[in-house]
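Reading through the structure tokens given below for one structure.
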Amino acid sequence: MTQRILDISDLNVRFATEDGEVAAVSDVSLHVNKGECLGIVGESGSGKSQTFMAVMGLLAANGKATGSARFGEIDLLKANEHTLNTVRGNRLAMVFQDPMTALTPHMRVGRQLTEVLERHRGMDTKAARAEAVAMMARVQITEPERRFAMYPHELSGGLRQRIVLAMALLCGPELVIADEPTTALDVTVQALILDLMRELKEKHGTGFVLITHDLGVVAGLADRVAVMYAGRVVENASVAEIFAAPRHPYTKGLLACTPRLTDAPTAVLPTIPGQPPNLQKLPSGCSFHPRCAAVFDRCRAERPALAEGGTLNACFLNHSVAAGGAA
Amino acid sequence: MWSYFARRLLIGIPTLLAVVLFCFFLMRLAPGGPFDGEAPVPPEVLANLRARYHLDDPLWQQFFSYLGNLLRGDFGPSFKYKDFTVTELIAQGLPVSIENGLSAIILAILIGLPLGITATLSQNSARDYAVSGLAMIGIVIPTFVTGQLLILAFGVWLKGTPFQLPAGGWNDGAFLNRILPVTVLALPFVAYIARISRASMIEALRTNFVRTARAKGLPYRTVVLRHALKSALTPVVTFLGPATAFLLTGSMVIETIFQIPGIGRYFVQGALNRDYTLVMGVTIVGAAFVIVANLIVDMLYAVLDPKVRYE
Ligand SMILES: Nc1ncnc2c1ncn2[C@@H]1O[C@H](COP(=O)(O)OP(=O)(O)OP(=O)(O)O)[C@@H](O)[C@H]1O
Ligand code: SF4
Ligand SMILES: [Mg+2]
């Protein structure tokens with residue numbers, strides 16, 4: 001039942017730049033079970049995307065990943081390009097963040113879909129075409145036959161986003177990493193897409209990683225949520241716990257920033273004061289301490305580990321009261 | 001799209017006119033005249049000559065009569081090659097220059113492009129550095145130096161060996177006589193193309209759509225050839241347009257060094273002799289080539305990028 005599809009442990013991603021090393025991801029351990037959706041939230045630059053770029057073996061040339069990411073029988077971080085290519089797009093797929101630039105401009109979108117099926121399913125052009133058109137319809141693309149022959153620039157952002165999603169789902173992957181998969185969609189289509197993902201999850205046991213800024217989307221689809229701050233996971237808990245009883249001050253801040261329908265229309269959107277830290281020069285101790293309202297001396301000197309304390313979280317406030325907290 | 005190209009072609013006409021105007025007056029401003037030969041010409045002969053070529057008419061009158069002839073495809077008589085019209089000289093020289101230029105540009109593409117593209121497959125490797133280094137050398141060494149060096153090597157040092165090549169002389173365009181000049185002509189362009197394609201390929205490999213293609217599990221070769229190459233070619237095409245026009249209209253240096261009867265050499269001769277009409281003729285043909293080449297570049301953009309087709 002709780003079969004792990006992806007098991008990331010101690011993942012570190014470093015980028016070499018001219019003005020020093022960027023610690024984009026630090027000591028991240030996460031896993032996704034079969035039929036489960038793991039939500040990843042956090043401010044811009046907190047390392048959400050790069051964590052999974054590393055998993056896909058798609059870091060930029062100046063990036064380097066250490067640690068391990070087990071996917072079935074292989075460690076994605078140590079696998080060679082050939083092995084990765086038998087997995088990527090096939091059993092493991094990723095939907096990238098920016099749909100406007102994610103498609104090859106000089107190729108018709110249909111071809112960009114069929115090549116996946118030709119590669120991994122060995123389909124001929126005709127069968128691949130039928131399959132691709134069917135998948136386009138499943139992701140709510142109207143007139144899929146006509147759109148099949150179009151170039152990316154002829155499609156709206158929302159349609160491109162759905163093409164990219166269709167591309168990821170084509171081979172029936174065991175795990176889909178979806179990085180902001182619904183940002184360009186209107187609310188109705190977004191709801192239908194989330195329905196489709198839920199159906200895949202429940203009927204086919206597809207695992208999902210859902211990276212998003214939209215806590216509403218997380219609430220709708222995720223089973224568990226990992227909150228990232230400055231390249232680290234600072235809280236990891238079930239979606240119910242995250243929304244009902246968040247433990248980490250940063251998570252609480254994030255939730256406070258989310259507008260609710262019940263808010264008065266004039267209410268000012270609260271934001272977490274301060275800026276996310278510079279990843280080339282992280283603060284000592286708890287990375288969140290310069291912005292934390294509850295900060296105390298120990299926070300500046302020592303880094304809290306991700307440990308049990310109501311939820312799995314990285315804050316001394318919780319560890320001091322819970323048994324098994326970080327020493 | 002076709003109306004766009006038609007418009008572009010029409011814009012070429014005023015451009016060409018501007019070239020004619022500019023050249024015409026610039027030539028007349030240059031000191032000396034077509035009859036200042038080594039041996040001084042008696043004044044009465046000179047006066048006769050000047051009258052025959054209408055050189056004493058007001059400048060604007062000369063210009064408009066030249067323009068009128070030009071519209072009829074008549075570039076006027078050559079001042080120096082008195083038995084020929086400029087049209088005849090160009091008709092003789094241009095095919096020679098085009099043949100050499102075309103061979104050189106094809107050679108440059110066939111070598112430069114694979115060199116530049118494959119260098120990126122292993123960025124910062126020894127092979128990559130070798131390509132970049134060679135390209136740099138090819139760009140900085142001028143052709144009159146490489147030309148002389150190759151003549152020295154293949155015409156002098158290797159004389160008597162099977163590698164000897166005719167160094168200079170045209171021999172009616174025999175294959176062996178073409179090898180050295182075409183090579184020298186091609187070398188800097190091999191270098192430029194390698195450099196440009198390497199840089200644009202690196203750029204293309206960083207795009208989000210190449211990342212998407214890799215995320216599909218496509219083999220790297222497919223990613224490069226199917227997804228990255230086309231967008232990497234755009235800057236190469238941009239460069240190739242004017243470069244081809246330049247090569248087809250004859251290299252002055254190389255045609256002079258290797259004594260090739262192309263229009264580049266006529267240009268040099270014409271300029272030295274103040275052969276107004278000859279210089280003008282060659283310049284106008286050159287300008288027309290540049291205009292057409294840029295038009296072809298625009299068409300190729302449309303082939304490479306479907307977005308352009310609709311704009
Ligand atoms: N090639 C690179 N070189 C240097 N730094 C990089 C590189 N790629 C990413 N980074 C840095 O890594 C950090 C984490 O980036 P990441 O894309 O994971 O953020 P994110 O959490 O996905 O943000 P967003 O919500 O904006 O997508 C950022 O600060 C980013 O600037
Ligand atoms: S460890 Fe300290 S600084 Fe960090 S979140 Fe907890 S209270 Fe705030
Ligand atoms: Mg991101």
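Here is how the numbers come out for the structure above:
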{"read-out": "At least 40 Å² of accessible area lost relative to the chain alone, listed for the stretch A:147-171 with a 1.4 Å probe", "value": "A:151, A:153"}
{"read-out": "Accessible area buried at the A-B interface, both sides summed, 1.4 Å probe (Å², nearest 100)", "value": "2200"}
{"read-out": "Computed lengthening from residue A:68 to residue A:2, 0.36 nm per intervening residue step minus Cα-Cα distance", "value": "21.8 nm"}
{"read-out": "Residue-span extension gain [residue A:213 to residue A:198] - 0.36 nm each, minus C-alpha spacing", "value": "3.5 nm"}
{"read-out": "Residue B:302-residue A:257 pseudo-label distance in nm [points 7 Å out on the Cα-to-Cβ vector]", "value": "4.8"}
{"read-out": "Pairwise Cα inverse-distance average, inverted: Kirkwood Rh of chain B (Å)", "value": "22.3"}
{"read-out": "Residue A:101 paired with residue A:134, simple spin-label distance in nm, labels 7 Å along Cα-to-beta-carbon", "value": "3.5"}
{"read-out": "Tail fraction, Cα-Cα pairs, the stretch B:12-150, threshold 20 Å, whole percent", "value": "68"}
{"read-out": "Fraction of antiparallel bridges per DSSP, the protein assembly as shown only, in percent to nearest 5", "value": "65"}
{"read-out": "Total charge dipole magnitude, the protein assembly as shown, about the Cα centre, Cβ charges on Lys, Arg, Asp, Glu only, Debye to nearest 20", "value": "700"}
{"read-out": "Heavy-atom accessible surface of chain B: percent carbon and sulfur, 1.4 Å", "value": "69"}
{"read-out": "Efficiency of FRET between residue B:208 and residue B:54 - r from beta-carbon atoms, R0 56 angstrom, step 0.05", "value": "0.30"}
{"read-out": "Alpha carbon centroid spacing (whole Å) that separates the stretch B:147-192 from the stretch A:2-48", "value": "60"}
{"read-out": "Point-charge dipole on Cβ atoms (K/R +1, D/E -1) for chain B, about Cα centre, debye to 20", "value": "1560"}
{"read-out": "Protection proxy ranking, peptides A:193-200, A:143-150, average beta carbon neighbours within 10 Å, highest first", "value": "A:193-200, A:143-150"}
{"read-out": "At R0 = 35 Å, FRET efficiency that the Cβ-Cβ distance of residue B:148 and residue B:64 yields, to 0.05", "value": "0.20"}
{"read-out": "Top of A:204, A:106, A:31 by mean-square fluctuation, Gaussian network on chain A, Cα under 10 Å", "value": "A:106"}
{"read-out": "Simple label model, 7 Å out from Cα along Cβ direction - residue B:288 to residue A:127, nm", "value": "5.8"}
{"read-out": "Taking the C-alpha atoms of chain A, convex hull volume expressed per residue in Å³", "value": "157"}
{"read-out": "Fully extended contour minus Cα-Cα distance, from residue A:143 to residue A:244, at 0.36 nm per residue", "value": "32.1 nm"}
{"read-out": "Under the span-like rule (Cα at least 24 Å along the axis, Kyte-Doolittle mean at least -1.0), DSSP H helices of chain B", "value": "B:2-29, B:86-121, B:175-205, B:229-248, B:276-304"}
{"read-out": "FRET efficiency for residue A:281 and residue A:79, using Cβ-Cβ distance with R0 set to 35 Å, rounded to 0.05", "value": "0.60"}
{"read-out": "Per-residue [θ]222 nm for chain B (sum of -39500 (n - 2.57) over DSSP H runs n ≥ 4, rounded to 500)", "value": "-23500 deg cm²/dmol"}
{"read-out": "Protein-protein interface of the stretch A:74-88, residues with accessible area decrease of at least 20 Å², isolated chain reference, 1.4 Å probe", "value": "A:81, A:85, A:88"}
{"read-out": "The protein assembly as shown - accessible surface per residue (Å², probe 1.4 Å)", "value": "47"}
{"read-out": "Accessible area of chain A belonging to carbon and sulfur atoms, whole % at 1.4 Å probe", "value": "55"}
{"read-out": "Kirkwood Rh, Cα atoms: Rg over Rh of the stretch B:1-93", "value": "1.08"}
{"read-out": "Complex-versus-alone comparison for the stretch B:214-238, residues with a loss of 20 Å² or more in accessible area, probe 1.4 Å", "value": "B:214, B:215, B:216, B:217, B:218, B:219, B:226, B:227, B:230"}
{"read-out": "Tilt relative to chain A, helix A:125-138 - C-alpha long axis, 0 to 90 degrees, to 10", "value": "50"}
{"read-out": "Residue-averaged [θ]222 nm for chain A, counting only DSSP H segments that reach four residues, each worth -39500 (n - 2.57)", "value": "-9500 deg cm²/dmol"}
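The values are calculated or read from the model by the stated rules, or taken from the named source; none is laboratory data. This is a predicted model, so every value here is computed, not measured. Don't worry about glycine lacking a Cβ; one is built from the backbone with ideal geometry, like all the others, and counts go over all protein chains shown. Please note that ligands, DNA and RNA were not included when accessible areas were found on the heavy atoms of the full protein model with its side chains. Shrake-Rupley method; radii C 1.70, N 1.55, O 1.52, S 1.80 Å.
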